[in-house]
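A short write-up of the structure that comes next.
A short reminder: the numbers here are calculations on the coordinates, not readings from a lab. Predicted, not measured: the structure shown is a model, and the values here were computed from it. Note: ideal-geometry Cβ built from the backbone for every residue, glycine included; neighbour counts use all protein chains shown.
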Ligand code: ARG
């Protein structure tokens with residue numbers, strides 16, 4: 001008989017229990033308790049299948065399945081006695097089941113290993129998170145559509161190099177993010193479809209000699225099919241990496257938008273006012289309204305991308321199949337998922353609440369000679385100048401306006417004609433920002449009509 005102190009689950013060949021340090025480095029229960037719901041669902045499906053296949057009796061299966069529900073409710077109500085000596089969620093649950101129902105509990109692990117068990121639990125957890133991300137991003141898209149609809153035709157500066165480039169519409173800018181977040185949804189969907197294969201029944205690595213039905217457990221747990229190779233099923237964590245990759249890209253989009261909100265809400269820009277609900281004050285400067293939520297969203301990518309890099313680093317170079325390194329796959333994914341969901345919720349709230357400052361946007365839209373391209377295009381269209389020459393003429397006019405400390409529309413016709421004699425007063429029609437945006441009617445362009453068409457397309461798509 002094994003020493004009392006050896007592990008009750010695998011201690012048969014051990015005379016002594018582990019050193020305290022061994023236990024500390026080995027135990028994952030501190031974090032993998034988050035897999036309890038998935039673990040119990042997986043075990044219940046496994047037990048039902050074992051009975052259906054005549055591998056265990058119906059009465060044992062019933063006792064196991066009932067007992068597992070009791071364990072689940074103990075966990076949910078915080079009454080469960082988690083033990084680091086029992087290493088992880090899998091052995092904690094099984095040990096507690098043994099306390100509750102005795103001998104039949106020992107039959108649950110037939111034709112199964114912790115290797116396929118943990119692969120299953122984690123996959124189901126990540127699958128849930130992909131669904132949650134899709135929901136969270138969709139809510140954010142709805143908030144952006146609301147903003148886009150309200151200001152489909154409001155003019156604002158469009159930037160390149162953070163220098164005023166050409167006037168665009170507020171709706172157009174909001175819809176740019178709708179496109180980005182729309183692709184994020186698609187990435188999570190793709191990843192979810194690929195990960196939806198059940199590892200259960202791969203057992204330790206080679207499959208099992210028991211006549212199990214992997215198709216039945218896969219179906220019971222919402223998978224499309226069982227994973228086709230038992231080695232792959234227990235060895236890979238690419239599903240978590242795909243989730244993290246999609247999360248990182250989404251966090252990058254969130255971060256860019258957050259950065260814009262930080263800039264836009266500053267006293268220098270005043271493009272938007274963030275609501276009280278999503279702003280904070282300063283403990284010393286009474287006038288302050290800080291965009292802390294936006295700043296924190298901007299920063300969250302550090303943790304999320306860090307988790308992705310961390311897991312790639314854990315997985316690279318591991319020989320097939322399972323190695324204990326892979327226990328280090330979970331904590332960072334948990335943290336990344338929490339961070340992503342919080343960032344999405346905060347961004348959605350901020351976007352719903354924020355008010356665009358239409359006047360400030362419009363004044364800024366006209367600054368920085370933003371209609372210079374319209375002027376050059378006019379020279380091409382009306383006077384037949386080659387674009388290169390039109391660019392040059394316009395550049396001279398911009399220099400003149402700059403010297404006179406005025407905007408392009410403030411130059412007189414005589415000023416204009418001193419640079420190019422054939423310019424007529426018709427040119428002034430294209431120098432206004434409203435005309436500028438209205439003229440950009442190419443598909444996907446910034447004209448309010450185009451923007452409204454894109455909003456309508458998205459609303460239809462989201463129905
Ligand atoms: N706690 C372990 C993990 O997270 C479960 C799998 C243990 N498997 C093993 N062969 N020791 O990876």
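Table for the structure above
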item	result
Residue within the range 165-172 that is surrounded by fewer than 19 Cβ atoms within 10 Å (Cβ to Cβ) and in a helix (DSSP H, G or I) present	no
Options 100, 86; residue that is within 16 Å of the ligand (Cβ to nearest atom) and closer than 20 Å to residue 7 by Cβ	86
Candidates 325, 329 - the one that is crowded, with 16+ Cβ neighbours inside 10 Å, under 30 Å from residue 232 (Cα atoms) and touching a helix residue (DSSP H, G or I) at 6+ places or on another chain (Cβ under 8 Å)	329
Matching residues, the range 365-405, being touching a strand residue (DSSP E or B) at 6+ places or on another chain (Cβ under 9 Å) and part of a helix (DSSP H, G or I)	365, 372, 373, 374
Residue list for the range 215-229, filter: surrounded by 15 or more Cβ atoms within 10 Å (Cβ to Cβ), without any contact (Cβ under 8 Å) to a residue 60 or more places away in the chain and not in a loop (DSSP other than H, G, I, E, B)	218, 219, 226
Output for the range 346-367, where each listed residue is out of contact with any helix residue (DSSP H, G or I) (no Cβ under 8 Å at 6 or more places or on another chain) and buried (at least 17 other Cβ atoms within 10 Å of the Cβ)	357, 364
Conditions (1) surrounded by fewer than 24 Cβ atoms within 10 Å (Cβ to Cβ); (2) within 16 Å of the ligand (Cβ to nearest atom); (3) touching a residue at least 60 places away in the same chain (Cβ under 8 Å): number failed by residue 112	(1)
Residue tally, condition surrounded by fewer than 17 Cβ atoms within 10 Å (Cβ to Cβ) and closer than 30 Å to residue 251 by Cα, over the range 183-214	6
Test: residue in the range 115-125 that is surrounded by fewer than 23 Cβ atoms within 10 Å (Cβ to Cβ) and farther than 30 Å from residue 183 by Cα	yes
Any hit, the range 245-266, residues being crowded, with 18+ Cβ neighbours inside 10 Å, in a loop (DSSP other than H, G, I, E, B) and in contact with a helix residue (DSSP H, G or I) (Cβ under 8 Å, 6 or more places away or on another chain)	yes
Residue 117 in contact with a strand residue (DSSP E or B) (Cβ under 9 Å, 6 or more places away or on another chain) and either within 16 Å of the ligand (Cβ to nearest atom) or in a helix (DSSP H, G or I) (or both)	no
Residues that are part of a loop (DSSP other than H, G, I, E, B) and either near the ligand (Cβ under 10 Å from one of its atoms) or within 16 Å of residue 125 (Cβ to Cβ) (or both), drawn from the range 315-332	321, 322, 323, 330
Among residues of the range 47-73, those that are out of contact with any helix residue (DSSP H, G or I) (no Cβ under 6 Å at 6 or more places or on another chain), under 24 Å from residue 129 (Cα atoms) and surrounded by 15 or more Cβ atoms within 10 Å (Cβ to Cβ), counted	0
